[in-house]
1. Quick check, is residue 209 under 30 Å from residue 277 (Cβ atoms) and assigned to a helix (DSSP H, G or I)?
2. Let me spell it out: the conditions are (1) outside the structural domain of residue 243 (by TED's automatic domain parsing); (2) touching a strand residue (DSSP E or B) at 6+ places or on another chain (Cβ under 6 Å), and residue 280 meets all of them except one. Which number is the exception?
3. Can you name the strands (runs of 3 or more DSSP E) wholly within the range 242-312 that have at least 1 residues being farther than 28 Å from residue 152 by Cβ?
4. Hey, does the range 233-254 have a residue that's in the same structural domain as residue 164 (by TED's automatic domain parsing), over 44 Å from the mean Cα position of the chain (by Cα), within 30 Å of residue 272 (Cβ to Cβ) and surrounded by fewer than 16 Cβ atoms within 10 Å (Cβ to Cβ)?
5. Of the residues 125, 81, which single one is farther than 16 Å from residue 29 by Cβ, modelled with pLDDT of 80 or more and exposed (fewer than 12 other Cβ atoms within 10 Å of the Cβ)?
6. Quick check on the range 188-202. Is at least one of its residues in a loop (DSSP other than H, G, I, E, B), within 30 Å of residue 286 (Cα to Cα) and free of Cβ contacts under 8 Å to residues at least 60 places away in the same chain?
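The values are calculated or read from the model by the stated rules, or taken from the named source; none is laboratory data. All figures in this text were calculated on a predicted structure; none of them were measured in a lab. Here the Cβ positions follow ideal geometry from the backbone for every residue, glycine too, while neighbour counts run over all protein chains shown.
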């Protein structure tokens, strides 16, 4: 009899320990897919997020400050209520509503692990201007105010090119090409004939022939050399009117160029434009004159400061 009693007592203790072990077993679930429940930590097989421990929904949380819990409701859907703790239709824990409290106040509790994954930051509310920083993409373009075409106002033949390749940097006054033009040569001869016949640069024929040369956009030093040497050169050396880089070359040696036909195109690359694409929802935050930072994607990473010039 005593042996049977001891065996029965041992059996009851073993069953009690087993039941306690089952009751305290820790389960893990996914916050995005509550149907996934595992007995060991790991990752969700659907979204790959780390599983979080499941809190015991059968235990009633202690009332705050000794107040009695009236019911439980969903923090996302206030119309979803329950008399017992549990989860709502979205898989989130129901929050208690206490007697004497404001039912309209909703409290959302987020565990520390979820806060870290959300990169949630808090700060003190201050009064000040609304600042918004956003990123976009853009392309580098020429500053249109720095473009210049090299053309002639008379017909002629290119006898020599001093700048033979594109992307050549030139300075103001550098020789670009040498041209022979019958129109220019005859105009220079007429000026010298008038100057010799009138003996002064103030005569009507001299002034008329000089005005024709000036219409060809000839520099003052070329005209002064004509009067000083009393000789008309067969060819004319065209020099760069400004600093820049040759981005287009449309002529070769020996080519006949018509009046107004482009020979070179120069660009001032000391300043360039960045054509940025601004989305409609960000457009109201952009104003001309605002600071902007450009990061280039080629070569060593560089940050270039600039300002918004205009909105197109």
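1. no
2. Single failed check for residue 280: (2).
3. 272-276, 291-295, 303-307
4. No - not one qualifying residue is present in the range 233-254.
5. 125
6. Taking every residue of the range 188-202 in turn, none turns out to be in a loop (DSSP other than H, G, I, E, B), within 30 Å of residue 286 (Cα to Cα) and free of Cβ contacts under 8 Å to residues at least 60 places away in the same chain.
Each row is one residue, and each column tells you yes or no for (1) more than 43 Å from the chain's Cα centre (by Cα); (2) closer than 11 Å to residue 238 by Cα.
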{"residue": "139", "(1), (2)": "no, no"}
{"residue": "146", "(1), (2)": "no, no"}
{"residue": "159", "(1), (2)": "yes, no"}
{"residue": "168", "(1), (2)": "no, no"}
{"residue": "177", "(1), (2)": "no, yes"}
{"residue": "184", "(1), (2)": "yes, no"}
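For every residue, the table says whether it meets (1) closer than 26 Å to residue 113 by Cβ; (2) modelled with pLDDT under 50; (3) part of a loop (DSSP other than H, G, I, E, B).
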residue	(1), (2), (3)
7	no, yes, no
10	no, yes, no
14	no, yes, no
18	no, yes, no
34	yes, no, yes
45	yes, no, yes
61	yes, yes, yes
70	no, no, no
